[in-house]
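The values are calculated or read from the model by the stated rules, or taken from the named source; none is laboratory data. On a predicted model such as this, the values are computed, not experimentally measured, just so you know. Cβ: placed from backbone, ideal geometry, glycine included. Neighbour counts: every protein chain shown. The accessibility values were calculated without ligands, DNA or RNA, using every heavy atom of the protein model including side chains. Shrake-Rupley method; radii C 1.70, N 1.55, O 1.52, S 1.80 Å.
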Amino acid sequence: MTWSIRGRQVEYARFAPLIALAVLFIISALSSPYFLKLQNLLNILRQVSYTGTIALGMTFVIIGGGIDLSVGSLAAMAGGLAILVINAAGAGADAIALGIVTALAVGTAGGALNGFLVTRFNMAPFVVTLGTMSIFRSLTLYFINAGEYRSASDAYRAIGAGKFLGLFIPVWLFLGLAALLQVVLTRTRYGRYVLAVGSSEQVARYSAIKVRLIRFGTYSITGFTVGVTAVMFGSRLNAVSSSNMGLYYEMDAIAAVVIGGTSMAGGAGTVLGTVLGAIILGIINNMLNMMGVSPYLQGTVKGLVIILAVLLQYRGNRNN
Amino acid sequence: MEPVPLLEAVDLSKEFSGVGVLNRVRVSVAAGEILGVIGENGAGKSTLVKILSGLYQPSAGSIRLEGRPVQVRDPSAARRLGISTVPQELELVDSLTVAENVFLGAELTRGPLLDRPAMVSRTARMLGELGTAVDPHAQAGGLSVAQKQMVEIARALVHESRVLILDEPTTVLSANEVESLFRLIRQVRDRGVAVLFISHKLHEVKALCDRVLILRDGDPVSVAPTAEMTPDDMARGMVGRELSQVFPEKHDSAGEPALEVEGLTVPGLVHDVSFALRAGEILGFAGLVGAGRTEVAEAVMGLRHRTGGVLRVGGQEADIRHPRQAVDLGLAYLSEDRQGRGVVLDFGITENVTLISLARYARGLIDRARERGAAEKYIARFNVRAASLGSALRFLSGGNQQKVYLAKWMDTEPRILILDEPTRGIDVSAKMEIYRFVRALADSGIACVVISSELEEVIGLCNRVCVMRQGRIAATLAGDELNEEEMMYYATGLKREMRA
């Protein structure tokens, strides 16, 4: 029956990222003896936790039918302002707490600004976030005159570089946030509404859903995850480069979401898939490094993987 | 003497995901003959047209032209074979001119260049013959729906074709336009063209066609000379049962006013509309397409901005500005656009049923078991046929989608239910189930509004009917006045309500 065949196709699509990860994992393990070393695996997880965390929020934006290009610039701004606050507040423990709150607040506010512009004026999210991407970066450069935000607190470093139960703290934050957001997406009214809005804005509106508010929320969530990443990355180096931090984060975040099986057209996707997508990207990077592929070529590989993922998605849609 | 068929389709069948929408249909049209094809929505008329014009490939069966088997692989193959089609949905390119549209894909040329003057003059001549004053230079986007329809017809006629297929061409035309169209179709027939005229307007079929093919649920019911049939015979053939069996018995148990609307105004669309809806009655809204019926419902639901008017729900004034307020007051509105505004096609049955009433299933987290329980209840109650609760709505038939849509709103426990074209595009048995269900709701004290373009439906189902014309209520009819003639008089403006 066509039903069961269709059912199987749906199941297959859901497990595609997992299958891809398994295949990639086996190939990597076979081609390099260092790949399976615990230290290497932990490093991969740490590497992916920064953009992976942003990708969690990006999943909501993309499922809701939008896109956010400003995440990298916003991460730099939130991370930089956090360090300014820490230094101004005396670099003690309470100053660090204040700095963290600043990063989360700036990130959330930046995301909310995107959400406000997109929903209030009904503008294309691509254009809005392209604009704020430029604004956030420019402000980050301006505040420090294109220099580096250096933290005066050595304790701040403990967040990004520290470990807890054998895992780096950013990895815990990434996985914890992923679990939380997966529950939000699948088990709360808000998550259900995001899926409905992304699937059909009109149906959602006619179903008495406050479409603008839901969309606004997706950008705010993304802003919050950007704030988390800003703390994780800024504290790891205990400094934020105004020109370099967060460059191409939007690329990696969107790539993780797409590889994780979320539809670029909106309306379907999972947070779990995004986690897998981020890890897949991390393993690819890791393997390219170990095989000695020029770092300049790694972007090519990443680009090909994204195109492949979208192509598979597109063909899947067409078959329906 | 039996004429030699020019176009012959033998045992055409078409299936979509295992569901037969056309079953072994046999069609033959002779040169110089007009064959009417009638049937209800979902009977397979449009599927037949799409196969003959190359948009669909048949699952089984064959097509012959002058006795020779042919393959109509795509629309351009159809054109090469001399088969022209006037599709039901308008397919003009809005940014091109009328003449450019008429010759789109078959432009006249002079050497390497387009021969614009020839295209313009032939377009003008064809439109003139159709009795339509449309400028060939006008942009198609600026035309009225009726004018667009005429351009579509001109487009099919301007090419010398051997077979002309018209899919419900008169839906949006005025009586005069219909007359010129018929005159032209007869001329075309007399030139030896085989014509297929698809319609559900039985009087038109009776007046125009030589023979008529009746389809019901994809099955060919009968083919007979039109002269031997009355419109009533045709209706019986289409429906397969007497009309009295289709609609449930009317009860008039109207109680307290549930919804009172006074002076409702939506700029440019609805002007000063007032009506009162009582618990226990079914109030119909009839009128031509664009008369403002949907806009009234949307304004009441807070989906459309109204500039004037007072709404009272259960006697209490209610300033509804957002659909959420309307839902909380017990209003429900099923849009005519089931797929675009009604159900989430990517969602399963469960998620659709609980989408509006989700708050009841969530205390922090959504209780999935309770959600499924509710969905199961509605599946049983509405006789929804689907593989599983998780089946995405896009894989359900129109009738089953409509039932899920109804379930979605019933789960909000409404006191006022507004149904906009509730039976469009669904089969007869699903229609009957919905009629019976709406009547049962009314009997249980829910106030119902049914907006419908099918006169038969509002007459058969409703206690009273408001006829709208150009954004106003032209008349409210009940009892003996509730008949097709009276409603058409008011809908078209031939008759105006006498106000004492």
Among the numbered conditions (1) within 13 Å of another protein chain (Cβ to nearest Cβ); (2) open to solvent by less than 20 Å² (accessible area, probe 1.4 Å); (3) not in a helix (DSSP H, G or I), tell me where B:S388 comes up short. (2)
All but one of (1) under 26 Å from B:V313 (Cα atoms); (2) open to solvent by less than 10 Å² (accessible area, probe 1.4 Å) hold for B:A430; state the number of the condition that does not hold. (1)
Tell me the residue from B:V353, B:V344 that is aliphatic (A, V, I, L, M), crowded, with 22+ Cβ neighbours inside 10 Å, within 9 Å of chain A (Cβ to nearest Cβ) and at negative phi, please. B:V344
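Matching residues to (1) in a helix (DSSP H, G or I); (2) farther than 18 Å from A:Y149 by Cβ; (3) at pLDDT 95 or above:
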residue	(1), (2), (3)
A:L69	no, yes, yes
A:A78	yes, no, yes
A:V85	yes, no, yes
A:A91	no, no, no
A:V106	yes, no, yes
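Quick check on this structure: which one of B:R312, B:R321, B:R338 is open to solvent by 60 Å² or more (accessible area, probe 1.4 Å) and not hydroxyl-bearing (S, T, Y)? Walk me through it before giving the result.
Numbers: B:R312 fails: open to solvent by 60 Å² or more (accessible area, probe 1.4 Å); B:R338 fails: open to solvent by 60 Å² or more (accessible area, probe 1.4 Å).
Unique residue meeting the criteria: B:R321.
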Given the conditions (1) facing chain A (nearest Cβ under 7 Å); (2) touching a residue at least 60 places away in the same chain (Cβ under 8 Å); (3) over 28 Å from the mean Cα position of the chain (by Cα), every one holds for B:A362 apart from (2)
Considering only the stretch B:73-123, how many residues are in a loop (DSSP other than H, G, I, E, B) and not hydroxyl-bearing (S, T, Y)? 22
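Output the residue which, of all residues in the stretch B:303-341 that are of a type in the set (S, T, N, Q) and without any contact (Cβ under 8 Å) to a residue 40 or more places away in the chain, is nearest to A:S207 (Cα to Cα).
B:Q325
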So A:T129 fits all but one of (1) assigned to a helix (DSSP H, G or I); (2) without any contact (Cβ under 8 Å) to a residue 40 or more places away in the chain; what number is the exception? (2)
Qualifying residue in the stretch A:269-282 (condition: β-branched (V, I, T), within 30 Å of A:A97 (Cβ to Cβ), buried (at least 24 other Cβ atoms within 10 Å of the Cβ) and in contact with a strand residue (DSSP E or B) (Cβ under 9 Å, 6 or more places away or on another chain)): no
Quick check on the stretch A:212-220. Is at least one of its residues closer than 26 Å to A:T102 by Cα, open to solvent by less than 10 Å² (accessible area, probe 1.4 Å) and either more than 10 Å from every other protein chain (Cβ to nearest Cβ) or in contact with a Phe, Trp or Tyr (Cβ under 9 Å, 6 or more places away or on another chain) (or both)? yes
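Across the stretch B:443-499, which residue is most open to solvent (accessible area, probe 1.4 Å) among those that are basic (K, R) and in contact (Cβ under 8 Å) with a residue 40 or more places away in the chain?
Going through the qualifying residues, I end up with B:R472.
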Being surrounded by fewer than 21 Cβ atoms within 10 Å (Cβ to Cβ) and more than 9 Å from every other protein chain (Cβ to nearest Cβ) narrows A:F174, A:F164 down to just A:F164
Given the structure, is B:S59 surrounded by fewer than 16 Cβ atoms within 10 Å (Cβ to Cβ), small (G, A, S) and free of Cβ contacts under 8 Å to residues at least 60 places away in the same chain? yes
Is it the case, given these coordinates, that A:N114 is under 22 Å from A:K210 (Cα atoms) and open to solvent by less than 40 Å² (accessible area, probe 1.4 Å)? yes
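Which one is farthest from B:G32 (Cα to Cα), of the residues in the stretch B:143-170 that are touching a residue at least 12 places away in the same chain (Cβ under 8 Å) and open to solvent by 30 Å² or more (accessible area, probe 1.4 Å)?
Restricting to residues being touching a residue at least 12 places away in the same chain (Cβ under 8 Å) and open to solvent by 30 Å² or more (accessible area, probe 1.4 Å), the top hit is B:V145.
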Cβ contacts < 6 Å: first residue within 22 Å of B:D367 (Cα to Cα) and modelled with pLDDT under 95, restricted to the stretch A:166-191; second residue open to solvent by 30 Å² or more (accessible area, probe 1.4 Å) and assigned to a helix (DSSP H, G or I), any location; separation 6+ or different chain. Result? none
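Looking at A:L181, is it closer than 21 Å to A:M58 by Cα, away from chain B (no Cβ under 14 Å), surrounded by 16 or more Cβ atoms within 10 Å (Cβ to Cβ) and within 15 Å of the chain's Cα centre (by Cα)?
no
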Just wondering, is there one or more residues in the stretch B:28-36 that are of a type in the set (S, T, N, Q) and farther than 22 Å from B:R186 by Cβ? no
The number of residues in the stretch A:229-249 that are open to solvent by 20 Å² or more (accessible area, probe 1.4 Å) and over 20 Å from A:L130 (Cβ atoms) is 4
Got a sec? Which of A:V271, A:V275, A:V258, A:V231 is away from every other protein chain (no Cβ under 14 Å) and under 30 Å from A:A95 (Cβ atoms)? A:V231
For the stretch A:279-299, does any single residue satisfy the condition of being closer than 25 Å to A:N114 by Cα and either under 12 Å from the mean Cα position of the chain (by Cα) or part of a helix (DSSP H, G or I) (or both)? no
Might you let me know whether the stretch A:237-254 holds any residue that is closer than 16 Å to A:I63 by Cβ, more than 14 Å from every other protein chain (Cβ to nearest Cβ), part of a helix (DSSP H, G or I) and in contact (Cβ under 8 Å) with a residue 12 or more places away in the chain? yes
Please state which of the following conditions A:G223 fails to meet, knowing it meets all the rest: (1) more than 30 Å from B:H322 (Cα to Cα); (2) open to solvent by less than 40 Å² (accessible area, probe 1.4 Å); (3) in contact (Cβ under 8 Å) with a residue 24 or more places away in the chain. (1)
One residue is enough: does the stretch A:109-119 have a residue meeting the conditions touching an Asp or Glu at 6+ places or on another chain (Cβ under 9 Å), on the phi > 0 side of the Ramachandran plot and not acidic (D, E)? no
Check on B:E91, closer than 28 Å to B:A77 by Cα, at pLDDT below 90 and of a type in the set (D, E): yes
Out of all the residues in the stretch A:193-202, which are in contact with a Phe, Trp or Tyr (Cβ under 9 Å, 6 or more places away or on another chain), of a type outside the set (G, A, S) and either more than 23 Å from B:V404 (Cβ to Cβ) or at the interface with another protein chain (Cβ under 10 Å from one of its Cβ atoms) (or both)? A:L195
